[in-house]
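Just so it is clear, none of the values below were taken in a lab; they were calculated from the coordinates. Fair warning: this is a prediction, and the values are worked out from it, not measured in the lab. FYI the Cβ positions are ideal-geometry reconstructions off the backbone, even for glycines, and counts take in every protein chain you see.
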């Protein structure tokens, strides 16, 4: 057999084989894996390259080596899944680098990490001042994760004691001028609904680059033609304003009327409407 | 504007709001939001009912403004 045919056939078969093996090894990000995993990936890659170029004296030796370097890590993965102890031995444990705001110098030394490197990693997590860091841990992949002191954390609605409406993720229903039917039907809408919405906005489908439906069912559109100003959906804000108007009306009637029972009815409902508005506020006004 | 016609305007706008809320209650994907909307619709219904009754009384008292 000619050499080039040999290289071609072995390359193609190894290509398919590696495709299957990589799928077997899982979807984890190769840059965020443990150092040992990284090495086994590289060794497997080099063996495959040597085999594909027919540089090995005997191709079966190559298969043995490849099998060991690919299947053994997969076997170790399964072992780590089954037992916490095996997981710690194979992948190593995470190391605490900062505890209660104080750097653990021994752990730094054990992980062969200099102070400079620690500071750089902290900065990359947006912790520029060491005083802001309560806790930092080095994961078994070598990533450093930081827990910021609670008074230095960004403010959340929970901190303010404010209720916010729960929002589901927006679904993209139009992309590049084409309707995506699957997300549309997940939302429980159909083509006609989308057509009506587009007509209300006054745009044609082929002028839309991205169309997203948010969790309240409003459609947000981005057009190819950026000079066109689109009205953003403000129905909920208008609804709130209109309720406010009605509430004020009821208060006025209760002041104007001479009839005692009507006055009581008006003021009761004015109060009720004010309560409803307070309840609706987080849902209607973002 | 007479009192009755003012009341009619408020009634109409409240009914419109109820309709919009119903639309949102149908198309929202979050159960909690849906529950809040449906409760509001129910309460608005009670208010609208009482106002309609009041409107009838007003029309009875001032029949000359009926339908305005």
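General observations
- In degrees, nearest ten, helix A:3-24 long axis to first principal axis of chain A (Cα): 50 degrees
- Projected label distance in nm at residue A:85 and residue A:58, using a 7 Å step from Cα toward the beta-carbon: 3.9 nm
- Helix A:35-52 axis, angle to chain A major axis (alpha carbon atoms, nearest 10°): 60 degrees
- If you plug the beta carbon distance of residue A:271 and residue B:34 into 1/(1 + (r/R0)^6) with R0 = 30 Å, you get a FRET efficiency near 0.75.
- Region A:1-66 shape via C-alpha gyration tensor axes, a/c threshold 1.5: prolate
- Translational diffusion coefficient (Stokes-Einstein; Kirkwood radius from C-alpha pairs) of region A:95-152 at 10 °C, 1.306 mPa s, in µm²/s: 143 µm²/s
- Relative contact order of chain A, pairs being alpha-carbon contacts under 8 Å that are 6 or more residues apart, as %: 10 percent
- Per-residue mean of foreign Cβ neighbours for A:156-164 is 0 (Cβ atoms of other chains, 10 Å radius).
- Cα gyration tensor shape for region A:1-138, rounded if a/c is under 1.5, else prolate or oblate: prolate
- Calculated mean residue ellipticity at 222 nm for chain A: -17500 deg cm²/dmol, from DSSP H runs with n ≥ 4 weighted as -39500 (n - 2.57), summed, divided by the residue count and rounded to 500.
- Neighbour counting of Cβ atoms within 10 Å sorts the residues B:51, A:239, fewest neighbours leading, into A:239, B:51.
- Peptide-level mean, for B:19-27, of C-beta atoms on other protein chains within 10 Å: 4
- Sorting A:228, A:208, A:20, A:137 by the number of Cβ atoms found within 10 Å of their own Cβ, with the fewest placed first, yields A:20, A:228, A:137, A:208.
- Just so you know, the averaged projected area of the alpha carbon convex hull for region B:1-67 sits at 4.5 nm².
- Chain A - convex hull of alpha carbons, volume per residue in Å³: 302 Å³
- Backbone N atoms of region A:215-235 closer than 17 Å to the 7 Å Cα→Cβ label point of residue A:207 belong to residues A:220-233.
- Peptide A:249-258, shielding by other chains (average Cβ, 10 Å cutoff): 3
- Listing A:87, A:158 from fewest to most neighbouring C-beta atoms within 10 Å gives A:158, A:87.
- Here each label is just a point 7 Å from Cα along the line to Cβ, and for residue A:106 and residue A:42 those points are 3.2 nm apart.
- Computed label-point distance, nm, for sites residue A:94 and residue A:4 using a 7 Å Cα→Cβ extension: 5.5 nm
- Normalised convex hull volume, region A:146-286, alpha-carbon set, Å³ per residue: 206 Å³
- Most mobile listed residue (A:124, A:254, A:107) in chain A, GNM with C-alpha springs under 10 Å: A:254
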